[in-house]
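Reading through the structure tokens given below for one structure.
The values are calculated or read from the model by the stated rules, or taken from the named source; none is laboratory data. None of the values given here were measured: they were computed from a predicted structure. Neighbour counts run over all protein chains shown; Cβ positions are idealised from the backbone, glycine included.
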Amino acid sequence: MLTNRKKISVIIALVLISLGYAFYAEFALNLEPCPLCIVERVILATILVPALIFLMHNPRNKLFKCLYSLVIIGISGFGIKVAAHHVWLTQLPPEQQPLSCGMPLGVMYQSLPLHSFLHKILEGDAECAKVTWHILGINAPNAVLILFVIIILISGFTFFQSK
């Protein structure tokens, strides 16, 4: 039986490996991430915060163990929503895919108000519907969706073991 610390360590390892591969694919393989890929990276990095705090804090109190688990589950749940939307975009026929905004992310960030920028990014564009790379035979959006589900399952076991 894995301890809570080991479960959280597995989550941290999965996130770091995933982010490491994403940056390797971007910078070594020259694969350009779409807006939703970047959002998914940010969500993964956000999961690291409570996971690392949990690991450093090593709470003995069940309330704190449950709290950390619930925060990770909540962030991962949002990640599932984004990744599921990304998978949905990849499944659309070409005539139903959203049009590209035509602006690079940096230009969009500087020219749009924050709420419009976030809405535009989370909506996805034509680039998000293209599947340009695979990992272990699974396309990237599906792999990220599976990763978020795994993180929720591990955190859920941590939560219920703490109760």
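Of the residues in region 115-127, at least one is under 22 Å from N30 (Cβ atoms), crowded, with 17+ Cβ neighbours inside 10 Å and at pLDDT 70 or above. One residue stands out in region 1-25 among those that are within 16 Å of the chain's Cα centre (by Cα) and without any contact (Cβ under 8 Å) to a residue 40 or more places away in the chain: the one that is surrounded by the most Cβ atoms within 10 Å (Cβ to Cβ), namely A22.
Would region 56-63 turn up any residue that is crowded, with 19+ Cβ neighbours inside 10 Å and within 19 Å of L153 (Cα to Cα)?
no
Filtered by the rule that a residue be under 22 Å from V87 (Cα atoms) and among the aliphatic types (A, V, I, L, M), region 30-57 gives L31, L36, I38, V39, V42, I43, L44, A45, I47. Among the candidates L36, L67, the residue that is assigned to a helix (DSSP H, G or I), buried (at least 16 other Cβ atoms within 10 Å of the Cβ), touching a His at 6+ places or on another chain (Cβ under 6 Å) and modelled with pLDDT under 95 is uniquely L36. For region 128-143, the set of residues classified as in contact with a Leu (Cβ under 8 Å, 6 or more places away or on another chain) and at pLDDT 90 or above consists of P141, A143, listed by residue number.
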